[in-house]
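Structure record follows, encoded as structure tokens.
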């Protein structure tokens, strides 16, 4: 019977393999092929070799979008590595009502990114709540252009990303903290170590592998950011497109009946390579930590 049914395991693997081939591998291969053509949405295009990549490397819009994406990563990732850890330490304590706070911190995670963006747009616009408070407290004499200045728009989008990701990565750290033996904290307290010393000497080293994982995941998410920029800055990506990231630029290039599918595919692969580089960097750091 076992010899007659050697193919049984493959039947279980077939649906998953088919889904991977259809929705992951084939689109990737197709993107690589399209990146070597001058294809448009309604045209098949012809083979142009590496012309799209040379065009991208000579395109100021590409370098601006790439710089914004990397800047986004450099600001957002440290915040999403450190702040959720502090939050997890606080909500881990068993005090009355702590479950309510845990739920409140996690609520932005399950909320739609578009809804979150619209809420923050209402808060940050010129006649929004934040400017109203700042003007009322006389901290500013006129509304701050959070959404009409490219730099401030990018910063505002970063704040939204961090705010929405706090609860998500807090859960990661709560799982890691649950594996830290309580005896370590008790021994440190008996030795006279204060809360700060216990945090730096016990908590941080114990969750360091999780910190590296969170850093890698948040870096990938930061490089893929689109919704925050689109909702806060509109279809142009802020004044003159100054706050555009690489995913935003890819959408603009490939959108519409006149969309340049080939060039958008080349930009997508450049974004893939950038993401892969940071992923490999995170993996290398993780291996170094385990060693």
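The values are calculated or read from the model by the stated rules, or taken from the named source; none is laboratory data. Worth saying up front: this structure is predicted, and the values here are computed from it rather than measured. Please note: Cβ atoms are built from the backbone with ideal geometry, for glycine as well, and neighbour counts cover all protein chains shown.
Before moving on, here are some points about what is shown:
- Lone qualifier among 249, 232, 274 - being at pLDDT 90 or above and surrounded by fewer than 18 Cβ atoms within 10 Å (Cβ to Cβ): 274
- Against the test of being at pLDDT below 90, more than 22 Å from residue 260 (Cα to Cα) and in a helix (DSSP H, G or I), the options 73, 80, 85, 90 yield a single qualifying residue, 90.
- Within region 106-123, the set of residues being more than 18 Å from the chain's Cα centre (by Cα) and either without any contact (Cβ under 8 Å) to a residue 60 or more places away in the chain or over 28 Å from residue 143 (Cα atoms) (or both) comprises 119, 122, 123.
- Of the residues making up region 34-69, those that are in a helix (DSSP H, G or I) and without any contact (Cβ under 8 Å) to a residue 40 or more places away in the chain number 6.
- Conditions (1) in contact with a helix residue (DSSP H, G or I) (Cβ under 6 Å, 6 or more places away or on another chain); (2) in contact (Cβ under 8 Å) with a residue 40 or more places away in the chain; number of the one not met by residue 256: (1)
- Of all residues in region 167-188, exactly one satisfies the criterion of being surrounded by fewer than 20 Cβ atoms within 10 Å (Cβ to Cβ) and either under 16 Å from residue 117 (Cβ atoms) or within 12 Å of the chain's Cα centre (by Cα) (or both), namely 168.
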